[in-house]
Amino acid sequence: MTAVADSASGETRARGSFYFRYMVEPYLYLSPAIILIALVMLVPLAIGISYAFQAVNLLRPFQSGWVGFENFQALWSDRKFWLALTNTFWWTVGSITFQFFLGLGLALLLNTHFYGKRLVQALVFLPWAVPTFLSALTWAWLFNPTIGPLPHWLAALGILSEPFNILGDPNLAMWGPITANVWFGIPFFAITLLAALQSIPGELYEAAEIDGASPWQMFTKITLPFLAPMIAITVMLRTIWIANFADLIFVMTGGGPANSTQILSTYIFTTAFRKLDFGYASAIAVALLGLLLIYAAILLVLRRKLVKI
Amino acid sequence: MRTLRQSSPLMVTGKYLALAFYVIFALFPLYWLAKIAITPDKLIFTEGTALFPSRFTFENFQTVLLQTDFLAYFRNSLVVSVGTAAITTCIAAAAGYAFSRFDFYGKRLVIAVMLITQMFPLLMIIAPIYKIVAALGLLNSLTSLIIVYTAFNIPFATFLMQSFFDGIPKDLEEAGMIDGCTRFEALRKIILPLTLPGLGATLGFIFTAAWSELLFALMLINSNETMTFPVGLLTFVSKFSVDWGQMMAAGVLALVPSCLFFIFIQRYLVQGLTSGAVKG
């Protein structure tokens, strides 16, 4: 279109317009976003990484300065850090497994026809809209034997010996936030997988049906291969997101009892928020970032290998 | 359809049972929240764990609204969420438009940076943000929250807006530009009206996200006057941890705005994602 407009005004004008369209005009639209992201996220990120190598404690303002790898040495011998690392693993694996399979089940159900579908769809997606702090509080209350039914039900089923609050039991406490996280996260998987399911061409199923394929064969030979890319990307993004997700645990247990639900992200937050030890908090954060990068790199390599075959 | 082909009564029953399980699982915690909120205080300990209250009352809501600071928290959250949603949507619409319509030098870099901001632990910058905000003298101000939330939400909102712009044919604004509009006029008069549903959905997403944010608000706000709803509720819970009815009444109130927005956008959600997926 520019060619039409510019043909009359000669070559210089055309080159100026080209320059304008490729170098200037897009950035006019982008600059507010870029400036804000740079100032509020990238600059603090750089500062945050530098904090990991400094002593920055608001409670001890006169002992600040560069300390090299001292924070990381402290981290290496910090028993709470290794405990939090193990907990992060179980928290992430537990949450993502249940979220994914229940979400996939829901997406498959919603992809069929049934009475009242629109209403059901609206209702089952609702937990996703519930603010996280409220999900956390609600589930903490549900697990409270005074006002919540869950301990009584669990005791009636014989899972608990008596109705007590599992959030106060170091061996069981992690199941509380995981349950809340599963409840909160099913809709995400259901929405993304449902969208992917709906984009599978219907003719494939018709052809398979004519050829006499069983529903199970159709699921494994058509549905799963089509879903695979979406599954890979959502599981990867979700794993990173859940590993970083501190709200639920912070509100439900605060990392307790006896650090049994402390994951790395809640450890970062409590170190910064309660102890105001920004240097140490940043060192934990850098460690978490490193672990996530390794995880992402492994996944990308695996994906490349699998795609080749 | 394909799945109903040779569906036995057993399969159909199983399907409806499974659906019932999902619906009950999704709704039960919210039902419980509402149930305790309307149970009279006297009955909470005798029938706290009964499925239905034998009597109900709206006293708890009254107390929460009239005798506590929750109305102020509510107002603060509303200011922060509406401000964040409005500013983010404007900035993201511009950026999403640039991604959708221009091929330009550095495009891949900008997209990569935006993706990276979605990956790293946000808690990593909570300490630097605190120090910067403190140095600017903006602690305990809603403005600082709006600025921080806006930046956090821009990348996602930009990609969302880009997908909406991608769904509008380029010919429309090109036709307008041939007729003598500048690109910006074409954007304003032709494209924006068409993408109103997309703008609405983006507003809804960002509003909900800002409404739920807790950790940065906890860090940056500690005066009672500027507390947002999550911070206020958490403070209330740790101070008066036995006023179950009132806490849950406050919880129900916190739920209202997000649920309204959600009902408004939820049908649109799968459609939007699907059309994006079809186009690849």
Legend entry - Rounded to whole Å, sorted largest first: equivalent-ellipsoid semi-axes of segment B:26-103, Cα gyration tensor: 44, 18, 6
Inset, instruction - At a Cα cut-off below 25 Å, give the lysines reachable from B:K42, other chains included and same-chain residues fewer than 8 away excluded. - result: B:K239
Legend entry - For segment B:131-205 versus segment A:239-258, the gap between their alpha-carbon centres in whole angstrom: 32
Inset, instruction - At 37 °C and 0.692 mPa s, grab the translational diffusion coefficient of the protein assembly as shown from Stokes-Einstein with a Kirkwood Rh over Cα pairs, rounded to a whole number in µm² per second. - result: 125
Inset, instruction - For chain A, state the semi-axes of the equivalent ellipsoid (square roots of 5 times the eigenvalues of the alpha-carbon gyration tensor), sorted largest first and rounded to whole angstrom. - result: 40, 37, 19
Inset, instruction - Quick one: order A:D277, B:D179 by neighbouring beta-carbon count within 10 Å, fewest to most. - result: B:D179, A:D277
Legend entry - segment B:54-151: trypsin sites (Lys or Arg not before Pro) falling in loop per DSSP and having at most 16 other Cβ within 10 Å: B:R55
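Seen from all sides and averaged, what is the projected area of the convex hull of the Cα atoms in segment A:215-309, in nm²?
Numbers: hull surface 34.5 nm².
In nm², the orientation-averaged hull projection of segment A:215-309 is 8.6.
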Inset, instruction - Under 23 Å Cα to Cα from A:K305, which lysines show up? Leave out anything in the same chain fewer than 8 places away. - result: A:K221
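Can you give the Rg to Rh ratio for segment B:4-44, taking only C-alpha atoms and Rh from Kirkwood?
So for segment B:4-44, dividing Rg by the Kirkwood Rh gives 1.35.
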Legend entry - segment B:113-240: radius of gyration over Cα atoms, expressed as a fraction of 2.2 N^0.38 Å: 1.41
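What's the Kirkwood radius of segment A:115-203 in Å, using all Cα pairs? Write out the running numbers ahead of the final one.
Working: mean 1/r = 0.0661 Å⁻¹.
15.1 Å is the Kirkwood radius here.
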Inset, instruction - Would you kindly state the longest site-free stretch of chain B, with sites defined as chymotrypsin sites (Phe, Trp or Tyr not before Pro) in a DSSP loop (not H, G, I, E, B) surrounded by at most 15 other Cβ atoms within 10 Å? - result: B:106-239
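Every read-out reported here was derived from the displayed coordinates using simple, explicitly stated rules and does not represent laboratory data. Keep in mind that this is a model prediction, so the values were computed, not measured. Using ideal geometry, Cβ is built from the backbone for each residue, glycine included, and neighbour counts are taken over all protein chains shown.
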